[in-house]
Amino acid sequence: SKKIVDKIAKIEGCDVEYEELINKKIEIINIEDKETNQELKNLIKRKENMNANIIEIDEAICYGEKALDAIEKVIKELETADGWGIADILADGLITTTIKHSNIDDARGYAEQAQRMLGKFKKEMSDIRMVTGTEIAVGSFETFSDYFFDSLIFDWVVQSEIGKTLDTIKNYKNQLDKAMSKLYEEKVTEEFMTKQMEEQINHIIENA
């Protein structure tokens, strides 16, 4: 797409004169050795496709990191609310209950942020072609905030409900952590492969 092509142009920042020299060199190769010329064109095309894929991976990582940040804030707020035990509520009454309610409301707000970022994360993942053969399951993230709201729709003061929600949110975080690790691994692999292709391209051009 134009968006990807524009991004590639910005990221690579190729010198125009150098590109013209390469094109002229390809024309010469085309005249003298059509087989080598086709190999060169294939390598350049594969490199461009891989660069475009790396851009998609970077965008997925960006949204994944934002989702993780929001999820960590959800956990922090729930842990704070969970820390207000029944004894504290009975002792301090309305003030403690109000503070605890505020923690839950903040957690809900962060959960909504996390859901938005997870939606964008999933969209970016659908555009990524994994070369490592790794599969990343993102379907479970769709129900992140749904579960969160359902589990706290009853009396939010009940400690067991907060504890159960905390366990589930931490499980989502672990899943996202694993997905992000696979993405980082994929990025490193593709960057290495791109570098190898660049070396092959340069070797063909220099020795043509």
**Item:** region 134-141 - phi-based ³J(HN,Hα) in whole Hz, Karplus 6.51/-1.76/1.60, Gly and Pro as x
**Value:** 7, 10, 10, 7, 10, x, 5, 5
**Fill in**
Here region 169-177 yields Karplus 3J(HN,Hα) values (6.51, -1.76, 1.60; θ = phi - 60°; whole Hz; Gly and Pro given as x) of 5, 5, 5, 4, 4, 4, 5, 5, 4
**Asked** In sequence order, what are the phi-derived ³J(HN,Hα) couplings for region 103-120 according to the Karplus relation 6.51 cos²θ - 1.76 cosθ + 1.60 with θ = phi - 60°, rounded to whole Hz, with x for glycine and proline?
**Response** 4, 5, 4, 5, 4, 4, x, 5, 5, 5, 4, 4, 4, 4, 5, 5, x, 5
**Message:** If you split all Cα-Cα distances of region 163-208 into 5 Å bins from zero, what percentages do you get per bin, shortest first?
**Reply:** 5, 19, 11, 11, 11, 8, 9, 6, 6, 5, 3, 3, 1, 0
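Read-outs: derived from the displayed coordinates by stated rules, not from any lab. Not measured: the values here are computed from a predicted model.
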